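For reference, the structure is listed below as structure tokens.
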Amino acid sequence: MPPAAHSPVKNMKAEDIRKPDMEKKGLIFDIQAFSVHDGPGCRTNVFLAGCPLQCKWCANPESWICKKHLMFAEKMCKYDHGCRACKDACPYGSIVITESEKPRINWEICKNCRTFECTGVCPNNVLKQCVKEYEPEELVSILRRDFNNWGAEGGVTFSGGDPMLQHEFLIEVLKDCRKWNIHTAIETSAYFPEEIFLQVMEYIHFAFIDVKNMDSIAHEMGTGVGNERILSNISALKASGWKGRLVLRQPTISGYNDSDENARQLIAFMQENDLFEVNLLKFHRLGTTKWEQLGKTYEYSDHGDMSDQRMKELQNIYLKANIACYIGDDTLF
Amino acid sequence: MNDAQSKIYDILKARGIDAENADGIKEEDIPEASERFSKLMEIYYSMKVTADMEIPYWYNRLWWENDGDILEVRRARAVGGAYAHSTPTVLPYEKLVMSKTKNFRGAFPFPWVCASFFNSLAESLMNEVDAPAESEADAVSVVGAGGGNVTESYGDIISIAKKFGMRKEEIPVLVKVSKYWEGISVEDISDKYAQMLPDYDQFKRNMDAVVVMFDSFAIPQGREVINYYMPLQYGFDRIIQLCDEKINETMGEAGEDGILGMSRGYYYAAMKEITAGLSKWCDNYGKRAEDLATREPDEEVRANYLEIAQVMHNVAHKRPSTFREALQMTLCCHLGVVNEDPQSGQSIGRLGQVLQPFYEKDMEDGITTDEEVIELLELYRIKITCIECFASAGVSGGVLSGNTFNNLSLGGQNYDGLSAVTPLEYLIVEAAMRAKTPQPTLSVLYDEKTPEDFLMKAAACTKLGMGFPAWMNNQTGMNFMLRQYGAEGMDLYDARAWCLGGCLESAPGCFMPLDYNGKVTMIPGGASPTCGTGIHFTGLPKILELVLTNGLDKRTGKQVFPPHNEKIDTYEQMVDLWKKYLDISNRIVNRINNMQMDIWRKYNMPAVNSLLKPDCFAKGQHIGNCGSRYNACINFESCGTITFINSLASIKKNVFDDRAFTLEEMTEALVNNFGFKTAYETNVFSPDFRESTESASKYDRIFAACIHAPKYGNADSYVDSLLKDYHMFMLHYLPTLRSYYGKPEYLCQISVSTHGPQGFVTLATPDGRLAGTTYSDGSVSAAAGTDKNGIYAIFESATVYDHSQNQNAQMNLKLHPSAVKGLSGTRKLLDVIRAYMRKGGFHVQFNVVGSDTLKEAQKEPDKYRDLMVRVAGFTQYWCEIGKPIQDEVIYRTEYDQA
């Protein structure tokens, strides 16, 4: 039985998101080639595990967990006449086969699993181990290989989760990127101590930083944390003389942050800090199945949708304030 | 550009950022095709594919009227005479005329090549003629099905080979003409002598088990590049004069060649016949157009007929003096060649370089415009799309899928080693973007010297989702040419003239000096016979299966190869047995295909093609007598490479490295299809569909281990190194096989459509593929759903060996349009292509999938397992997304495209 909690934040125990004791080994849940919307040119996008925020609308909830864990894609199970492979493989008795010949797992047992016996036996990858460990050199060798493919403008984008959560690993990799002249981009929440944040950004050429809500209380309700540290980090970055390019990002969700007032406040903040680019991402529900596969309930299954009309209205507000506002994938790189 | 966009540009400009030149810019709209094109395409869409007996009747009659004459002359008279008697059809909106037969989408049978198919059908065909016609309603209901294909008989039409419709009154002619050739067609004679071989039974067993698919005589020409030089340089009347001069010089003279020297005189006599036939054929079209003009009330249409008449009479006699005449001349010669044998893959070659001097002169003289040229090129596309190949059902459906692969190549290097791209080639791409037809397919010979704006234009065309241009590596192609044809004296100059013959068969060429417009231009063209017709599609995984089953085909219960009776203890021993079985198959299949082609070249030698192909005319020898400049062109065709390599990796890992289970246990699991019902039982052939039997759980462990074994396409050296080993073996092994030209053979990695039927006959394979389902496509594409590390990892895996070792390497990729939208998307697509080319990848082609496909994918998600969509910072597998979101994405994709 999946736990019956409603808030994703409450679903997650502290140890699930704590930075593990690993010496500069990176925990990565995906590496995507030919990524074309997350920075200039053709890129390789590295998704690092773990995130200091837990947004209720998150499309990658599996990325919150900064450790190896299980994903259970129940709907992918095709082998529904007599297969017991996963059940037989599990030494903890966590998997039972229901009367409808479908496997069912006990999340209370599975979430603490460190051995994942069940994942190598399923031909359909219904049970999948998320997150793999990489040495910095291992990741760099993949990036140097992919460097052959990016073309003149491309490079690597570090994404997540939030890649800064594993800042020690990240900085090791970034140092090598500088050494090899690899263009670097990052997608981050900026919710980190200023020192760490600036240290990472020193190696970054292009950044997307999310500002989800200008009202700190609303920010905390949606993401689990307030926005003060995020805003002060952005100001500190601008004040530091950083030479990179910064585009603020906002997943735009009806009833949460789509008000004129929120836009006006963000504009004021941007003008104070001499920022002129923002990217509004229309809310979508593509992550729904992932919540299910993690045994969680998705709060945004029936609300939050934005109309194209409203997106355009918001865009106009920014444009009038001389802020370049991009919708969706239309960011100009 | 909308208001928001221009405002964004202003804001960025104020900040010193020049965004006008950056991302997100929409490409220019593609103009509509010309009105003539649209009108003729309407006709095309309503036309059925026909077969008729006009040309076969005349060929047969003239052949027997000349009984006893020297064979090459007799053959040329029959071919040329048949063309001269072919009814010319001219349609009101045409500018370019001529077609294979009197019908728009016509073809005809060649009983002198292969008669058994028709003779075996004779009785049933005659019965159909006598049967009462179906009701009109029934007739109408069939017409709609399958595009232009006539899959069933209706009304007065009889379906042949499930594709061609033949009128009932022609059936007795077909039956009678075929009777003449009973026992003496190319097929029958070569089979008669093949039976003298002690291993003939082995050949039969190979073919029956479909270890090897299809015979050489089925399509003896094609997979080569045509050469238009002779008629463009001289014109037909002058060629006839040249023949007379050559007859004067060589008839009765052996020169230094005591075997073939005397043949030269007969060759020129034959060339005179065939040239006269082609000339008459053109004149007939001119006369037909004149005749139509006399009865045409509409002034504009009448003027058009008169223009056609003038062009056709000029083409019939003189060398072309305009671009239009030159294009018409190449079309005439192309049809002349494709009509003299059943064939597919007779490639047009680098047409935009061949015709550039004519285009250039017309533009200088101010007698044409780019728009007029584009219109002609659009109409040309219809003409090439109408080329049908009449072969047996197995060949046209199972192998060719109805396509005739008239490939047109662009780019590459010219004679001087500079970029060969011409202004005319931009218009060829433009015409293909406006006038959407399946043929001619386009191939870009990508070279570092190719201009960027041309590459961008070609990439924009690739994005339209038609699957072309495909992208070929020019340097890799040139290296292959020097490797394979160096022994025949190929130098760097000729290496630069290569291009694609057929879909992917790299074919040698040469440059010829075209004297036109007061200067000499070196124009490229083909310089070899067919670059195919060796050992045909051989199922590599099927041979591995037979190693595991001791040579016994479990599907049919027949012993295909002699039992090896070895207990297999090591991986190396198993691979050695595979090589041994492959060699048993190759030795006998090669000898018999050699005989098929030898009989063909003796009795059915190319006539038109032997006029065109250098150096036939210079040497005085037809293609069958090694008249072509290069003859080391015969290949071995593989099928299912990646299924085979993944299977080796699974066995190596599970059986020999991990010792998770024995080879006997693995084999038992394969024979029992891992405990699943076979595709033959369920009739579902999707690789992803599985239905268990009661014994399923018995093989759970083995099946999962097979699925999880290392797979090609993930930059995993464990399996990629096996691919490299395989290629190093083939590189040294295949040249030990000799073709009927006495030259070493080499590896060709096209499967066309044969990975379907060959997969059908193959049991489950150790990579986890189930019995009867298709093999992997291409030769370096990953097996569907097994590439987990993305496109760059596939590139890494694909280039673990030097692609110039082989005639080709086939990479098929799917991209979603959103990944390449706008001008920046075109650049990104070009980045991907360039990345692969820089690594030495030989070929890559793209499916840019649109929303129609997504709708299909929604109905049948299992077939689209590897399709991904990208929405706002997040990529997901299509089949893992719920239907409501899918609907939204479908809607949005269409919106984006508007």
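The numbers here are math on the coordinates, done by the rules we state, and not lab data. Small disclaimer: the values here were computed from a predicted structure and weren't measured. Positions of Cβ are generated from backbone atoms using ideal geometry, with glycine treated the same way; all protein chains shown enter the neighbour counts.
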**Message:** For B:His317, B:His708, B:His803, which order do you get if you count the other beta carbons within 10 Å of each Cβ and list the fewest first?
**Reply:** B:His317, B:His708, B:His803
**Request:** Extending each Cα 7 Å along its Cβ direction at A:Glu117 and B:Asp208, get the distance between those two points in nm, one decimal.
**Result:** 5.0
**Asked** Which of the chymotrypsin sites (Phe, Trp or Tyr not before Pro) found in segment A:140-227 are in a DSSP loop and have at most 11 neighbouring Cβ atoms, other than their own, within 10 Å?
**Response** A:Trp180
**Asked** What percent of all Cα-Cα pairs in chain B falls in each 10 Å bin, counting up from 0?
**Response** 2, 12, 21, 25, 21, 13, 5, 1, 0
**Separation in nanometres of the label points that stand 7 Å from Cα toward Cβ, at B:Asp515 and B:Lys554** = 7.0
**Request:** Counting only GluC sites (Glu not before Pro) that are in a DSSP loop and have at most 16 other C-beta atoms within 10 Å, tell me the longest site-free stretch of chain A.
**Result:** A:203-333
**Prompt:** Computed over the Cα atoms of segment A:223-333, what is the ratio Rg over Rh, Rh following Kirkwood?
**Reply:** 1.00
**Complete:** Here the Cα Rg-to-2.2 N^0.38 Å ratio for segment B:211-290 is 1.49
**Prompt:** So for the protein assembly as shown, what percent of the C-alpha to C-alpha distances run longer than 62 Å?
**Reply:** 17
**Asked** Over the protein assembly as shown, what is the percentage of antiparallel beta bridges among all DSSP beta bridges, to the nearest 5?
**Response** 45
**Complete:** The long-range amide H neighbours of A:Ile186, using H built 1.01 Å from N in the peptide plane and a cut-off of under 5 Å, are A:Phe158, A:Phe206, A:Ala207, A:Phe208
**Potential lengthening between B:Asp199 and B:Asn683 on full extension [0.36 nm per residue; Cα-Cα distance subtracted]** = 170.7 nm
**Item:** Positive dipole terminus of the protein assembly as shown, leading residue within B:Met605, B:Leu125, A:Ile209 (C-beta point charges)
**Value:** A:Ile209
**Prompt:** What's the exposure ranking of B:Met271, B:Met251, A:Met201, going from fewest to most Cβ atoms within 10 Å?
**Reply:** B:Met251, A:Met201, B:Met271
**Prompt:** R0 = 56 Å: FRET efficiency of B:Leu71 with B:Ser717, Cβ-based, nearest 0.05?
**Reply:** 0.50
**Asked** If the cut-off is 21 Å between C-alpha atoms, which lysines fall inside it for B:Lys168, apart from same-chain ones fewer than 8 positions away?
**Response** B:Lys48, B:Lys100, B:Lys102, B:Lys176, B:Lys179
**Message:** Can you give me the orientation-averaged projected area of the convex hull built on the Cα atoms of segment B:355-511, in nm²?
**Reply:** 10.6
**Item:** Karplus (6.51, -1.76, 1.60) ³J(HN,Hα), θ = phi - 60°, over segment B:409-423, in Hz, Gly and Pro reported as x
**Value:** 9, 10, x, x, 10, 8, 3, 7, x, 9, 4, 8, 4, 10, x
**Asked** Using a simple spin-label model with points 7 Å from Cα along the Cα→Cβ vector, what separation in nm is obtained for B:Ile367 and A:Asp302?
**Response** 7.6
**Request:** Give me D for chain A in µm² s⁻¹, whole number, from Stokes-Einstein with Rh from the Kirkwood sum over alpha-carbon pairs, 4 °C and 1.567 mPa s.
**Result:** 61
**Prompt:** How much length is gained if the chain between B:Glu169 and B:His732 is pulled fully straight, taking 0.36 nm per residue apart and subtracting their Cα-Cα distance, in nm to one decimal?
**Reply:** 197.2 nm
**Asked** What ranking do A:His303, B:His313, B:His536 get, fewest neighbouring Cβ atoms within 10 angstrom at the top?
**Response** A:His303, B:His313, B:His536
**Within segment B:457-511: Cβ-based charge dipole about Cα centre, in debye rounded to nearest 20 (Lys, Arg +1; Asp, Glu -1)** = 340
**Message:** If I take R0 = 22 Å and measure r between the Cβ atoms of B:Asn248 and B:Lys602 in this structure, what FRET efficiency does the formula 1/(1 + (r/R0)^6) give, to the nearest 0.05?
**Reply:** 0.25
**Message:** Need the list of aspartates and glutamates near B:Lys814 for cross-linking: C-alpha distance under 13 angstrom, and skip anything on the same chain fewer than eight residues off.
**Reply:** B:Asp777, B:Asp787, B:Asp866
**Message:** Using the Cα centre of the protein assembly as shown as origin and beta-carbon charges of +1 (Lys, Arg) and -1 (Asp, Glu), tell me which of A:Asn148, B:Gly509, B:Leu292 is placed farthest towards the positive end of the dipole.
**Reply:** A:Asn148
**Item:** Unit charges on C-beta of K, R, D, E only; dipole of segment B:198-257, Debye
**Value:** 400
**Asked** Quick one: which of B:Lys204/B:Lys542; B:Lys192/B:Lys554; B:Lys272/B:Lys613; B:Lys567/B:Lys698; B:Lys652/B:Lys677 span more than 19 angstrom between C-alpha atoms?
**Response** B:Lys192/B:Lys554; B:Lys567/B:Lys698; B:Lys652/B:Lys677
**Asked** Which lysines have a Cα lying under 24 Å from the Cα of B:Lys449, excluding residues fewer than 8 positions away in the same chain?
**Response** B:Lys457, B:Lys463, B:Lys828, B:Lys839
**Asked** Considering only DSSP beta bridges with both partners in chain B, what is the antiparallel share in %, to the nearest 5?
**Response** 50
**Message:** Starting from 0.36 nm per residue, how many nanometres of slack lie between B:Leu91 and B:Ser46 once their C-alpha separation is accounted for?
**Reply:** 14.8 nm
